[in-house]
Amino acid sequence: MYSFDYHRPGSVADVAKALLANPEARLLAGGQTLIPTLKQRLAQPAAVIDLGGIADLKMIKRDGATLVIGAMATHDMVARSADVKAAIPALAALAGGIGDPQVRNVGTIGGSVANNDPAADYPAAVLALGATVVTNKRQIVADQFFAGMFSTVLDAGEIITALHFPVPKKAAYAKFEQRASRYALVGAFVADTGAGVRCAITGCGAGGVFRSAEIEAALAKMFAADALKGVKISVANIMGDIHGSAEYRAAMVPVIAARAVAMAV
Ligand SMILES: Cc1cc2nc3c(=O)[nH]c(=O)nc-3n(C[C@H](O)[C@H](O)[C@H](O)COP(=O)(O)OP(=O)(O)OC[C@H]3O[C@@H](n4cnc5c(N)ncnc54)[C@H](O)[C@@H]3O)c2cc1C
């Protein structure tokens with residue numbers, strides 16, 4: 001690890017000021033991704049700005065038809081929250097299935113969404129539920145937020161402050177996981193939003209998380225697991241690695257999506 005200056009401001013405004021003074025600084029949330037990156041010397045920021053001192057970002061509340069989750073809410077907080085369990089139980093279950101207790105106790109929803117790992121779970125929920133990413137500068141709808149593997153439309157130094165999830169009629173998340181890390185090899189989040197059916201797939205997209213037009217079209221006709229029998233996913237945009245080929249993952253997408261639909265209904 002290279003040496004760096006460490007800052008721990010007490011408000012989002014002070015984080016923004018610290019970023020202005022240190023434009024090359026990196027934000028630190030749970031550190032589950034950033035700290036290994038620094039340890040391996042894959043990044044050399046002059047400063048690290050820790051969001052851990054901002055109490056306002058560590059909150060969860062129901063606001064009418066919207067579930068509001070602060071960026072620094074840990075996976076464990078989301079998994080245990082009575083508000084999340086009541087409004088979107090699929091989201092609580094997803095959070096409870098991330099990694100292991102150590103990872104869930106420190107990893108945050110804001111860090112996960114900003115990082116946009118192609119195998120991460122939250123991006124699928126954000127996209128399928130049509131959530132809004134709230135930053136210190138603007139509000140970004142999910143369909144416009146994810147910009148490719150490990151990439152989002154966040155500007156340098158833009159801070160995610162919260163996620164706004166519209167409460168769906170029905171939703172569920174299923175994943176076929178890598179046994180050691182519990183990252184998704186194929187994960188499917190399905191939601192009947194009331195305004196239509198959305199299905200986001202994680203773990204296998206060559207460009208990261210994506211909505212599956214094939215699955216959404218089949219589920220729009222009938223929101224049932226049987227509707228996905230015979231649905232084929234093209235391998236063109238599916239990635240393969242040592243854990244599974246692109247063909248294998250493409251074949252798994254409708255299977256995992258059908259499991260999610262069965263859970264939702
Ligand atoms: C062993 C292990 C197993 C895991 N298993 C899973 C799994 O099964 N499923 C899964 O989805 N994830 C998994 N993860 C990922 C983990 O849960 C975290 O979500 C992830 O590492 C990032 O969250 P973090 O809070 O640690 O962010 P950090 O590592 O602190 O930050 C990650 C990146 O996001 C930026 N950032 C952080 N917060 C903000 C913000 N508020 N605004 C803007 N940018 C920000 C940082 O600058 C950095 O670039 C695993 C991680 C480990 C180490």
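Since every read-out is calculated from the coordinates, none of them should be taken as a lab result. These numbers come from a predicted model, not from an experiment. Note that each Cβ is placed from the backbone with ideal geometry, even for glycine, and that neighbours are counted across all protein chains shown.
Summary of computed values
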| quantity | calculated |
| --- | --- |
| Rg and Dmax [Cα atoms of the stretch 193-248; Å; Rg one decimal, Dmax integer] | 12.5, 39 |
| Cα-based Rg and Dmax for the stretch 170-264, where Dmax is the largest Cα-Cα distance (Å) | 12.4, 39 |
| Scattering curve values for the stretch 58-166, log₁₀ I(q)/I(0), Debye with Cα scatterers, q = 0.16 Å⁻¹ | -0.63 |
| Separation of the N105 and K58 label points, Cα + 7 Å toward Cβ, nm | 1.3 nm |
| Potential extension, A147-D226 segment - 0.36 nm per residue separation minus Cα distance | 25.2 nm |
| Straight-distance crosslink candidates among aspartates and glutamates, where the alpha carbon sits under 16 Å from K229 and sequence neighbours closer than 8 are dropped | E214, E216 |
| Karplus 3J(HN,Hα) series, Hz, for the stretch 57-67 with 6.51 cos²θ - 1.76 cosθ + 1.60 (x for Gly, Pro) | 7, 9, 9, 9, 8, 8, 10, x, 8, 10, 9 |
| In Hz, Karplus ³J(HN,Hα) per residue of the stretch 13-23 (6.51, -1.76, 1.60; θ = phi - 60°; x = Gly, Pro) | 4, 6, 5, 4, 5, 5, 5, 5, 6, 10, x |
| Cα lying deepest toward the dipole's positive end in the chain, options G110, G208, V190, charges on Cβ | V190 |
| Cα-based Rg of the stretch 145-187 normalised by 2.2 N^0.38 Å, two decimals | 1.59 |
| Average Cα contact separation per residue, the stretch 5-51, under 8 Å, 6 or more apart, as relative contact order % | 59 percent |
| For the stretch 226-235, Karplus couplings with θ = phi - 60° (6.51, -1.76, 1.60), whole Hz, Gly/Pro x | 4, 5, 9, 5, x, 6, 10, 10, 5, 7 |
| Residue pairs, from the table K58/K170; K170/K232; K169/K221; K170/K221, whose Cα atoms sit over 18 Å apart | K58/K170; K170/K232 |
| Cβ-placed point charges (K, R +1; D, E -1), dipole of the chain about Cα centre in debye, nearest 20 | 440 debye |
| Inter-probe distance in nm under a simple model that places probes 7 Å from Cα toward Cβ, at A65 and S181 | 3.7 nm |
| For the stretch 120-209: rounded, prolate or oblate by the Cα gyration tensor [a/c cutoff 1.5] | oblate |
| Viscosity 0.692 mPa s, temperature 37 °C, Stokes-Einstein D of the chain from Kirkwood C-alpha radius, µm²/s | 176 µm²/s |
